[in-house]
Amino acid sequence: MRTWIRPTALVLIVVVVLYPLFWMVGTAFKSPEEIVSNIGLLPEHFTPSNFSSGWSKFDVGFGRFFLNSAMVAGLTVIGNVVSCLLAAYALGRLRFRLRGMWFAVMIGTLLLPGHVLIIPQYILFRSLGWVGGEWPYLPLLVPHFLATEAFFVFLMVQFMRGIPRELDEAATIDGASPYRIFQHVILPLSRPALVTTAIFSFIWTWNDFFRQLVYLSDLKDYTVPVALTLFIDSTSETAVGPMFAMSLLSLIPVFLFFVAFQRMLVEGINTSGLKG
Amino acid sequence: MSPAPPKEPAVVRRAPGRPRRRENLPGYLFLSPWLLGLAAITAIPMLLSLYLSFTDYDVLTPFTEATWVGWDNYQRMFTADPSFWHSVRVTVTFALIAVPLKLAAALGVALLLNRVFRGVGIFRGLFYLPSLLGGSVAVAIVWVSMFNRGGAFNSLLAVFGIEGAPWVSDPKYALQTLMLLAIWQFGAPMVIFLAGLKQVPVELYEAASVDGAGKWRQFKHITLPMLSPVIFFNLVLETIHGFQGFTSAFVLSNGTGGPVDSTLMYTLNLYINGFVQLDMGYASAMAWVFLVAIGFITVVLFRTGRFWVHYSDSEGG
């Protein structure tokens, strides 16, 4: 008799938890009057025009914002994967002076709250002339090419420690240098950790707001999250539908990643304690 | 805190008497991007902001022209700026309520899911989805609209004959809607709890059943102690995370911390002082106070953890 309690409870919780997301999808297709009056999930008057009017609501179209976001996220992925991989190989597999100390420092930066660094980094980048320049993305991207995302370094170090040492030893005896071992042994075997890093890098950067808000001041340079906040300024009822439509579009890339890599994402936070 | 360097497995094939091979050059070559980042992106800015926290600096001039003011910024913060203490109260309230509730939800659902049945992976994924999406501006916008005066939540209450409230624009409730948004993202700690639950040996429960212990006593005396390292891990991560809430408060208040400063999270206050008022000296001081506070809280958590976290074996969780 009690076998039905657990699945029923789970289904109920899933419905409650997912309700806001379903509501967003439905509301993105509702007319302005309906958004207030119709509390159901489905629109009575299917209004796809929310998407077209939201897309070109501001002087710069959302296409540009999506391209900017994709570029920032894409370059961040490349930077994180490459630079964290190099650092992890050194910290996880090579023997050199002070390695233990550098590893401890890396763990220390892992616990450093990122928001503390925003003010000083801003001042530094500004004095370098990187803020508000022709291409304002340098402050967003350069840190990721210098392995500052300690989470990913840690994740890859943990992964590489699982690769049998005998492989390195054998290669060394065959005369392979650490560079060749990196290229032919560690790099190919580290692919799962690289993919996990790439996916989380993309999702976090796509969702990131604080840094992009601070560094992007010109409308044409805006990324999607920064552009979405423009909707908050306009309080008119007619803006709600387009606002939902664009919010929904902005979540689709992350959702697709979720669908494609669900298992990997869940395993990823298991092995490393990464937060989504 | 600093972990011991990893143990090297014994090198079997090394000839006796041959010196231990060092890889100093390749080691530092591979480490060089990280070292550069550590210096340029982390260490130097931190020291710079420590200096600037003792100055009056408006960011529009080069920082070499900042005016030294001694302890003025810190003094103003602790004695003359009510918004500082207010934002501390808001942030601590947020973390004290949202973090335990989020962890409780995560543990509760993890216990429900800790069985082998068809579709368990699908449930796990669906519960995890809000953690992936929830930090975004888009979801914050949806959340705020949902709890607005004419939003879906009030309409839903009306169906049951309950009169809602303007949750978002009422200073009494605005922070609570943000807490709910944080709790909604319980999927990430839930996944970690699930992994922890799988590690609890089944024999313990079997032995307890034989001895006549009921479900509740098994939970209290087996599950909770065995899971305490994972609970501790989640508690530390979520607390640090909770203190840094920014996006949802920014979206709800359009960057002001309103209504009536009720959502003025510490990081939002920091943002307003630094990037709206352009008072970078003061904002640097706020950032340093924040860093010291987070460090202090982490140390306190680790200290108290000694009393209730049980490590059952030397391997760790």
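The values are calculated or read from the model by the stated rules, or taken from the named source; none is laboratory data. Since the model is a prediction, treat every value here as computed from it, not as a measurement. So basically every Cβ, Gly included, is an ideal-geometry build from the backbone, and we count neighbours across all protein chains shown.
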Looking at (1) over 28 Å from B:G187 (Cβ atoms); (2) free of Cβ contacts under 8 Å to residues at least 40 places away in the same chain; (3) not hydroxyl-bearing (S, T, Y), find the lone condition where A:D59 falls short. (2)
Return yes when A:S31 is surrounded by fewer than 22 Cβ atoms within 10 Å (Cβ to Cβ), farther than 23 Å from B:F147 by Cα, of a type in the set (G, A, S) and not assigned by TED's automatic domain parsing to the domain that holds A:L228 and no when it is not. no
Quick check, is A:L94 surrounded by 22 or more Cβ atoms within 10 Å (Cβ to Cβ), facing chain B (nearest Cβ under 8 Å) and either more than 20 Å from the chain's Cα centre (by Cα) or over 30 Å from B:I272 (Cα atoms) (or both)? yes
Given the residues A:T109, A:T148, which is the only one that is part of a loop (DSSP other than H, G, I, E, B), hydroxyl-bearing (S, T, Y) and facing another protein chain (nearest Cβ under 9 Å)? A:T148
Give the residues of the stretch B:235-290 that are part of a helix (DSSP H, G or I) and more than 20 Å from the chain's Cα centre (by Cα), sorted by residue number. B:S253, B:I272, B:N273, B:G274, B:F275, B:V276, B:M280, B:G281, B:Y282, B:A283, B:S284, B:A285
So, in the stretch B:26-43, exactly how many residues are at the interface with chain A (Cβ under 7 Å from one of its Cβ atoms) and more than 12 Å from A:A147 (Cβ to Cβ)? 3
What number of residues within the stretch A:22-41 satisfy the criterion of being without any contact (Cβ under 8 Å) to a residue 24 or more places away in the chain and either among the β-branched types (V, I, T) or in a helix (DSSP H, G or I) (or both)? 7
Could you grab me the full set of residues in the stretch A:43-77 that are closer than 23 Å to A:P253 by Cα and in a loop (DSSP other than H, G, I, E, B)? A:T47, A:P48, A:S56, A:K57, A:F58, A:V60, A:G61
Please go through (1) assigned to a helix (DSSP H, G or I); (2) within 26 Å of A:S250 (Cβ to Cβ) for A:V82 and return the number of the only condition it doesn't satisfy. (2)
Which numbered condition A:G74 fails, given (1) under 30 Å from B:G121 (Cα atoms); (2) at pLDDT below 95; (3) within 27 Å of the chain's Cα centre (by Cα); (4) surrounded by fewer than 18 Cβ atoms within 10 Å (Cβ to Cβ): (2)
With the structure loaded, tell me whether A:I119 is without any contact (Cβ under 8 Å) to a residue 60 or more places away in the chain, within 23 Å of the chain's Cα centre (by Cα) and buried (at least 20 other Cβ atoms within 10 Å of the Cβ) or whether it fails that test. yes
Criterion violated by A:A176 - all others in (1) more than 15 Å from A:A90 (Cβ to Cβ); (2) in a helix (DSSP H, G or I) satisfied: (2)
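Yes or no, residue by residue, for (1) within 9 Å of chain A (Cβ to nearest Cβ); (2) closer than 30 Å to A:L21 by Cα:
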site	(1), (2)
B:T55	no, no
B:V59	yes, no
B:G125	yes, yes
B:Y128	yes, yes
B:F147	no, yes
B:V159	yes, yes
